[in-house]
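J.: Right, I'll just put the structure down here and ask away after.
Bear in mind these aren't lab numbers, they're just calculated from the coordinates by the rules spelled out. Everything numeric here is computed off the predicted structure, so don't read it as measured data. Please note: Cβ atoms are built from the backbone with ideal geometry, for glycine as well, and neighbour counts cover all protein chains shown.
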Amino acid sequence: MTLLDELRGLFSAGKEQDAELALRRAASAGDGETLFAVANWRLFGLHGRRDLGQAHRLLEQSADCGNIEAVRLRATLIGNGTGCPSDPDTAAAILAGIRARDAYAELQLGFAEKMRPDAEVAALPVERLSDSPSIRAVRGFLSPEECDYVITLSAPHLQPSFVIDPQSGRRIPHPVRTSSGMSFGPTQEDHVIHKINRRIARVTGTRVSWGEPLHILSYAPGQEYRPHVDSLPGVTNQRHWTVLIYLNDGYVGGETRFDSAGITFAGRAGDALIFRNVDEEGRPDLDSRHAGLPVMAGTKWLATRWIRQRDYHPWAVT
């Protein structure tokens, strides 16, 4: 039996103290791979409960053993504020420590250094398309290079859109959205993606901690997002705002249409569309109902960030 097998059994049985002793053995032996694996268990709640504090400690111990993946993941979590306050500067410093040895750390830091300054993005004009519902557009919100970064990073993780059938508990095709998608969750929201999320928070006048993970959608010919609202039923932390960012050109169709406002918006690569999902009393606004029209040719890429009314984290109960 390997140490990892032993730990799996101990955590599954709830024998936390025995597991802690085994982890100390791993740290003393410089077993960074075991420490990294168990850190991921604690992040995702595998073989026991989720424990973000223990995950951070194990990642630091694994990093001290020379595990590059642990260093990189620790920087990601510190940067986006998972299990600790968000601290992008410390995250960048951690990545800098492995930059010469890790291609992904070099990619993140090198790209972040070339991103447009915040003041330049803040100076972009905001087009008012509708007051009721509130719909705004910012042209060139992301640069072509920033769009390509998001597409390249997300493409390997795309999966067909689905929902859980309440009758069978099985995954079934999404009845409204026929695209493929993925989300940059806590372990994937790297230094660059976090900077984009911070930019989204600034343009909407919200806090970065209010946003859901950046969600990427890819539409092939014939795929669409049928009319829907982005507000959610029965929640106490509602989606107040939606930000859509168009990531590419070169496709036909795929416009975003708001029937109540009589608006059809065709974004180009980097353009952002910002609209409010609730009325002045904070109730879901049915006039915000919108659709992503079918793509006729080519492939459409879109980034979406839904922004709640207060702090939101996918691993926290809200």
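J.: Can you list, largest first and rounded to whole Å, the semi-axes you get for the stretch 3-112 by taking the square root of 5 times each eigenvalue of its Cα gyration tensor? All intermediate terms of the calculation are to be shown ahead of the outcome.
T.: Values: eigenvalues 144, 45, 19 Å².
So the three semi-axes of the stretch 3-112 are 27, 15, 10 Å.
J.: Now, a different point. Looking at Asn80, Gly97, Ala22, which one has the Cα that reaches farthest to the positive end of the dipole of the stretch 3-112 (charges on Cβ: Lys, Arg +1; Asp, Glu -1)?
T.: After comparing all options, I get Asn80.
J.: While we're here: Hand me the trypsin sites (Lys or Arg not before Pro) from the stretch 73-116 located in a DSSP loop with no more than 13 other Cβ atoms within 10 Å, in residue order please. Walk me through the numbers on the way to the answer.
T.: Values: sites: Arg74, Arg99, Arg101, Lys114; in loops: Arg99, Arg101.
Those satisfying the criteria are Arg101.
J.: Could you let me know the centre-to-centre spacing of the stretch 52-79 and the stretch 2-16, using Cα atoms, in angstrom?
T.: That distance is 20 Å.
J.: With +1 on each Lys and Arg Cβ and -1 on each Asp and Glu Cβ, and nothing else charged, work out how big the dipole of the chain is about its Cα centre, in Debye to the nearest 20. Walk me through the numbers on the way to the answer.
T.: Numbers: 36 positive and 39 negative charges, 71 e Å.
About 340 debye.
J.: Give the shape of the stretch 1-60 as rounded, prolate or oblate, defined through the alpha-carbon gyration tensor: a ≥ b ≥ c are the square roots of its eigenvalues, a/c under 1.5 means rounded, and otherwise the shape is prolate if a/b is larger than b/c and oblate if not.
T.: Working: a/c = 1.57, a/b = 1.07, b/c = 1.46.
Here the stretch 1-60 falls in the oblate category.
J.: Right, another one. Counting only GluC sites (Glu not before Pro) that are in a DSSP loop and have at most 11 other C-beta atoms within 10 Å, tell me the longest site-free stretch of the chain. Don't jump to the answer; show the numbers that get you there.
T.: Working: sites that count: Glu280, Glu281.
That gives 1-279 as the longest site-free run.
J.: Let me ask something additional. If you average 1/r over every pair of different alpha-carbon atoms in the chain and take one over that average, what Kirkwood value in Å do you get?
T.: Numbers: mean 1/r = 0.0470 Å⁻¹.
For the chain, the Kirkwood estimate is 21.3 Å.
J.: Shifting gears a bit: Alpha carbon centre of the stretch 225-243 versus the stretch 90-114: separation in Å?
T.: The distance from the Cα centre of the stretch 225-243 to that of the stretch 90-114 comes to 35 Å.
J.: May I ask which residue of Ala123, Val278, Tyr149 lies farthest towards the positive end of the charge dipole of the stretch 118-308, with charges of +1 (Lys, Arg) and -1 (Asp, Glu) on Cβ and the Cα centre as origin?
T.: Value: Val278.
J.: Which of the peptides 78-91, 226-239 is most tightly packed, and how do the rest follow, going by the mean number of other Cβ atoms within 10 Å of each residue? Walk me through the numbers before you get to the answer.
T.: Values: 78-91: 18.6, 226-239: 14.5.
Those peptides, ordered most packed to least, come out 78-91, 226-239.
J.: Let me make sure I get this right: for the stretch 178-318, a, b and c are the square roots of the gyration tensor eigenvalues over alpha carbons, sorted descending. Under 1.5 in a/c it's rounded, otherwise prolate if a/b > b/c, else oblate. Which is it? Could you put the intermediate results ahead of the total?
T.: Values: a/c = 1.80, a/b = 1.24, b/c = 1.46.
Note, shape of the stretch 178-318 comes out oblate.
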